[in-house]
Structure formats: structure tokens, C-alpha cells
Amino acid sequence: MSATAHRGQSGELLRNGAIQLMLGLNAIIMIYPLFVMVMSSFKTNAEIFSSPFALPAHFSLANAERVWSETNFVRYLANSVGITVAAVALILLFSTMAAYAIARYQFRLSALVLMFFLSGMTVPLKLAIIPLFIQLDSLGLVDSYAGLVLVYVAMGIPSAVFIMTGFLRTLPRELEESARMDGASEFRIMRSIMLPLARPAFVIVAIQNAVPIWNDFFFPLVLITSDNLKTLPQGLTVFVGEFTTDWGVLFTGLTLAALPITLLYTVLSKQFISGITQGAIK
Amino acid sequence: MNNGRRHTKKAFPWRRSLWIASLLAPALVVMVLLVLWPLLSAFRLAFYEFNGLQPTGFIGFENFRKVLFEQPYSGWTYNALKHNIIAFVALMVFENGTAFLLAYALLKALPGHRIHQVIVFLPVVLSAVIVGFLWKLFLHPLFGLVNQTLALVGIGAIPWLGNEHTALGSVLFANVWHWLGFPTLVLLAGMQRVSKEVIEAARLDGAGDYVLMTKIIWPLIAPSVTIVTILTFIGSFNWFEIPYVMAGLTGSPGGATDVLGLYFYRTAFGSTTTGIQDFGQGSALAVMMFIIVAGVTAIALRYLRRREIEL
């Protein structure tokens with residue numbers, strides 16, 4: 001009895017050791033490329049080519065200075081920040097308004113309106129890019145911030161309405177009713193009583209939309225042509241075309257492009273993970 | 001929800017309706033203008049001949065006939081479609097297979113499992129453009145990290161992205177590295193919902209890891225497997241960014257990495273190398289991709305849901 005228990009225990013130990021080994025190996029595969037990317041950003045070309053595994057001889061910022069002064073990188077970064085913030089703000093605003101109407105009031109067609117929004121979740125908007133392009137062109141919105149932001153808002157609204165409706169429905173009726181008895185206007189009830197309670201849902205919706213918008217490449221590729229309007233992922237392709245052989249500068253560009261979202265992710269990893277996997281975990 | 005009508009309705013019915021309508025209006029207008037209308041138009045435009053941005057005339061199924069049956073278009077279509085199918089199968093086996101093993105390992109909650117979840121998910125939050133360029137540099141035949149590492153153990157330089165036999169695999173590898181964390185954490189969440197008692201009971205009955213994994217966990221996480229399979233399918237058929245960045249708009253070398261997304265983009269918006277730009281044929285391709293994705297997803301959902309119940 002004790003012998004088998006003992007064997008079971010050491011078997012368990014061996015198995016856990018094997019599992020830790022596999023996880024450790026996987027962690028290296030996931031992290032090491034990023035580590036090399038960051039280290040290479042401090043290196044000269046010659047260093048990268050001759051000693052790819054070594055740490056940089058000195059942590060020189062020469063590459064970063066070139067990215068700063070010789071490219072439009074800062075402009076691309078600012079464009080990405082502006083477009084992402086504007087799109088996420090509008091998604092939150094529009095979908096919270098719509099979700100509030102669906103969740104807190106009874107009206108004819110309410111089920112139909114919700115269905116309409118939900119069916120939008122199944123539409124891959126990329127495949128409608130040709131009519132979308134023609135549509136935006138006729139509105140004079142091709143090659144403008146506004147056109148791109150509108151497309152992202154359209155893409156984000158369905159799932160945001162879905163999440164917000166679900167959340168707003170769970171808020172207790174009593175709060176709303178007693179404020180109404182006190183004569184508060186419908187707008188005041190929404191603005192000062194109900195919406196402050198919806199903050200956790202706002203965070204999820206914001207992250208769920210901000211990450212794909214920040215990272216998107218397809219829509220800027222089609223809709224933006226002026227260099228001054230390009231987003232960061234799109235700008236990277238310009239940048240790589242210009243510095244093909246200058247690997248130090250290339251790694252620096254990639255590192256700097258990855259930096260903002262990586263920093264945010266390390267601080268808010270829990271919210272990022274639940275925001276992005278949200279739709280798939282039920 | 002059904003606790004009677006609100007007194008606001010009785011007092012000011014028109015004011016209440018106006019208030020509700022104005023809450024709904026912005027979202028509805030955006031959806032109608034930028035989702036519903038373009039989507040309906042996408043189907044209509046596939047039946048038109050184009051001159052630049054302008055549809056010039058109704059031509060029936062001509063666009064479909066060209067991309068499906070007329071060389072060289074049909075050759076490009078089937079070549080790309082083949083690679084989408086290969087991508088789906090490869091990602092199911094390598095990405096989701098690895099993810100399943102990782103999820104099972106993480107389920108044990110050994111020391112370090114939380115930090116591992118954060119690490120494996122890190123590439124998921126990065127842009128495909130960053131990931132694509134990073135691996136393009138690493139796969140460089142002479143100076144890339146991969147061949148430099150292989151050189152340490154005496155393996156000669158392999159032109160990963162330059163050789164038509166290794167190019168698609170290399171691009172797929174970068175994609176697996178990029179997305180691995182997603183199915184891992186979705187499957188892990190599924191496994192964590194399997195009740196502790198069920199696992200304990202199986203253990204007491206003498207079930208080892210293999211039996212536990214195949215006979216208990218696997219059937220009980222069927223809903224997670226369903227969703228991962230469908231998302232992988234949709235992802236494989238909309239695949240665009242990583243191949244674009246790593247292999248270029250024409251899916252080099254010689255179309256070895258061409259996929260429907262690239263081919264569609266080339267057809268619709270033209271490319272300096274092929275020179276064609278045709279919104280009609282582009283729309284026909286988009287409609288076919290839409291039908292493939294929506295159709296297969298619907299059928300797969302039915303089949304996989306039934307399987308969930310049977311298991």
C-alpha cells in the first residue's frame with residue numbers, strides 16, 4: 001500500500017517535472033523572439049549579423065534617434081492613438097445609448113432592433129470593402145480620419161450593444177423607479193444613476209475594441225493613402241520598405257511599435273485577456 | 001422586464017418615443033449606412049461590369065464564371081483556395097493541438113501557471129504587421145535568428161520564405177506563434193469549468209492522464225472546441241495580414257503563399273505587378289468567400305452542436 005502510494009507520488013513528481021519542462025520550453029519560444037527584438041534595437045547592423053545572440057555591446061540609442069528624426073514614426077503613432085481613441089469613444093457612446101434603450105425601456109420592435117444589431121456580429125465587414133469604399137468615396141471620406149473611424153465604429157457597435165445590453169439588464173429596477181418618483185428626467189436617470197454603475201462593462205467593451213482597432217492593417221491599407229494620415233501598422237510597412245537593409249533601425253521600429261500596447265498589457269493583462277476572449281468563452 | 005408600462009408613457013407618449021428613438025438613432029444610422037447597405041451592395045455589384053469605381057452594366061454571372069472557370073483567374077482562385085484549406089487544417093493540428101496540450105498542462109495549476117498564461121497571450125495583443133515583420137527578419141536565410149540558431153547545430157542555411165516548399169509552412173508558423181495564446185486560454189477556460197468532483201472521481205477509479213484527457217476532459221469541453229474550430233475556420237479564410245507582410249501581395253514565391261484574402265485584395269484594388277483592377281470580379285470573389293465562411297460555419301455549428309450532445 002505505502003509502496004504503491006510512494007510510486008504514485010514519484011510518478012506524479014516526474015509527470016509534473018515533464019509538464020514544467022514543456023511549459024518552460026514554450027515560454028522561451030514565446031518570449032525569446034521578443035527579447036531578441038528589443039536587444040537588437042540597441043545594436044548596430046554589424047553586431048546583429050555577427051553576434052545575434054549576444055547582448056548589445058552598449059545600449060546605444062542611435063537607432064531610436066534615426067527612427068525619431070528620419071521617419072514619420074511619431075506621426076503614425078499619433079494617428080493610431082487619435083483614431084483608436086475616437087473610434088472607441090464613439091463605439092461606447094452610440095452602443096451604450098442603443099443598449100440603454102433596448103435594456104431599460106419596453107417598446108414595440110425592441111426585440112427586432114436587438115436582433116438587427118446582433119446579426120451585425122456575424123458580418124465580416126472586410127468582405128464588403130468594395131461597396132464600403134464606393135460608399136465612403138461618395139461621401140468624400142476616403143483618405144480621411146473620419147472615414148476610417150466610421151468603419152471601426154460600424155465594426156464595433158454590434159458586439160458592444162450585445163455586451164452593454166446584457167449588462168444594463170442586470171441593473172436593479174428600483175433605483176430607476178425611485179428617481180423617477182422624485183421627478184428626475186429620463187436623461188438624468190440614465191446619466192447620473194444608471195451609467196455610473198456600468199463602468200466594468202465599459203472597460204471590457206473598450207479593450208475588446210481598442211486592441212483590434214489599434215492593430216488593424218487592412219482598412220488603413222485600403223482607405224488611407226496620404227503618408228500623414230497613416231496608422232502605425234500601416235506606417236511600419238512604409239518604414240520597412242525604406243530601411244530594408246538597416247536591421248538595427250527595423251528592430252527599433254518594431255520594438256517601439258510594440259511598446260505601447262505591451263506596457264498596457266502588462267498592467268492590465270487580466271482585463272485584456274477577458275476582453276479579447278470574451279466572445280469565445282461562454 | 002414585464003413589470004407594466006411606465007407612467008412616462010401615459011403622460012407623454014410622444015416624448016417617450018422621441019427619447020427612445022434618439023437613443024437608438026446614431027447606432028442604427030451607422031449600421032445601416034456602413035454595414036447593411038454595403039453588404040447588400042456587395043452581392044449586387046458581383047453581377048456588374050465595372051469601369052474604375054463605376055458599375056457600367058449588368059452582366060449576370062459573368063464575373064463568377066471568370067474567377068471560377070476562365071484561366072488565368074480560375075487557376076489563381078483554386079491555388080489560393082487550396083492554401084486557405086491547408087492553412088485551416090495545419091492550424092487545427094498545430095495551433096489548436098498545441099493549445100490543447102498547453103491548456104491541459106496549465107490546468108494542473110503548477111507554480112508559474114499564471115505568469116505562463118500572461119506570456120503565451122502576449123503576442124496575441126500585438127499587430128500582425130509587427131509579428132509578420134519580426135518573423136520575416138528571423139527567417140532571413142543568412143542573418144536570421146532561426147538559421148543562425150540552426151547553424152550552431154550544423155544545419156546549413158535554409159531559405160525559409162524563398163523556397164516554395166517551405167514558404168507557406170513558415171508563414172503558418174509565424175501565425176501559430178502569434179495566435180497560440182488565444183485557443184490556449186479559451187480551452188483552459190473550458191477545462192476549468194469541468195467540475196473538480198468529476199476529475200477526482202475518475203482519478204480515484206484509477207484513470208491516468210491519458211484516459212482523463214481523452215475520455216473525460218475532451219468530451220466535456222466540446223463547446224470550447226466548437227468555438228475554437230469555427231474561429232479558426234473563419235480566420236483561415238479571411239487570412240490576409242501575415243501573408244501580406246511576410247510574402248507580399250502576390251504570395252511569393254510564385255504564388256506558394258497566395259490565399260483568397262490576398263487574391264481578393266489584388267483583384268479589387270490592383271497591384272503593380274499584376275496590373276488588373278476589377279471591382280466586379282473582386283465582388284464575385286467576396287461573395288464566394290462570404291458564402292463559404294457563412295455556409296460552412298452554419299453547417300459546422302449544427303454538426304458540432306450535435307456532437308456536443310452525443311459526447
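The values are calculated or read from the model by the stated rules, or taken from the named source; none is laboratory data. It should be emphasised that the depicted structure is a prediction, and the values quoted were computed from it without experimental measurement. Neighbour counts run over all protein chains shown; Cβ positions are idealised from the backbone, glycine included. Surface accessibility is based on the protein's heavy atoms, side chains included, excluding ligands, DNA and RNA. Shrake-Rupley method; radii C 1.70, N 1.55, O 1.52, S 1.80 Å.
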Quiz item: If packing is taken as the mean number of other Cβ atoms within 10 Å per residue, what is the order of A:173-184, B:246-257, A:16-27, A:94-105, highest first?
Solution: A:94-105, B:246-257, A:16-27, A:173-184
Self-check item: Lysine pairs in the protein assembly as shown with Cα atoms under 26 Å, if 8 or more residues apart or on separate chains
Solution: 18
Practice problem: Could you work out, residue by residue across A:21-31, how many beta carbons of other chains sit within 10 Å of that residue's beta carbon, and then give the average as an integer? | Solution: 5
Exercise. Please give the FRET efficiency for residue A:226 paired with residue B:29, using the beta carbon to beta carbon distance and R0 = 35 Å, rounded to the nearest 0.05.
Key: 0.80
Self-check item: Peptide A:174-182 - average C-beta neighbours from other chains (10 Å radius)
Solution: 1
Self-check item: Rounded Å value of the spacing that divides the Cα centres of segment A:137-182 and segment A:44-67
Solution: 46
Quiz item: When the helix-only estimate is applied to chain B (DSSP H runs of n ≥ 4, each -39,500 (n - 2.57), divided by the residue count), what is the mean residue ellipticity at 222 nm, nearest 500 deg cm²/dmol?
Solution: -20000 deg cm²/dmol
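Using alpha-carbon pairs under 8 Å, 6+ residues apart, how would you state the relative contact order of chain B in percent?
24
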Exercise. Specify the inter-centroid distance of segment B:95-173 and segment B:14-69, based on alpha-carbon positions, in whole Å.
Key: 40
Quiz item: Classify segment B:51-177: rounded, prolate or oblate, from the alpha-carbon gyration tensor (a ≥ b ≥ c, eigenvalue square roots; a/c under 1.5 rounded; otherwise prolate if a/b is larger than b/c)?
Solution: prolate
Quiz item: Interface A/B, total buried accessible area with a 1.4 Å probe, nearest 100 Å²?
Solution: 8400
Self-check item: Cα-centred dipole magnitude for the protein assembly as shown, charges only on beta-carbon of K, R (+1) and D, E (-1), debye, nearest 20
Solution: 2180
Quiz item: Where in segment A:264-282 does accessible area fall by at least 30 Å² between the isolated chain and the complete protein assembly, at a 1.4 Å probe radius?
Solution: A:265, A:273, A:276, A:277, A:280, A:281
Quiz item: Between residue B:48 and residues 5 or more places away or on another chain, which pairs have amide H atoms under 5 Å apart, with H built 1.01 Å from N, and which residues are they?
Solution: B:59
Self-check item: Peptide ranges B:85-97, B:30-42, B:46-58 listed from the most packed, as the mean C-beta count within 10 angstrom indicates
Solution: B:30-42, B:85-97, B:46-58
Quiz prompt | Longest DSSP-loop-exposure-free segment, trypsin sites (Lys or Arg not before Pro), chain B, at most 15 other Cβ within 10 Å | solution = B:194-311
Practice problem: Evaluate peptide A:227-235: per residue, the Cβ atoms of other protein chains within 10 Å of its Cβ; return the mean as an integer. | Solution: 2
Quiz item: Per residue, how many Å² of accessible area does segment A:75-227 show with a 1.4 Å probe?
Solution: 40
Quiz item: What order do you get for A:108-116, B:216-224 when each peptide is scored by the mean count of other beta carbon atoms within 10 Å, highest first?
Solution: B:216-224, A:108-116
Practice problem: First compute the accessible area of segment B:138-249 with a 1.4 Å probe, then give the percent of it belonging to carbon and sulfur atoms. | Solution: 68
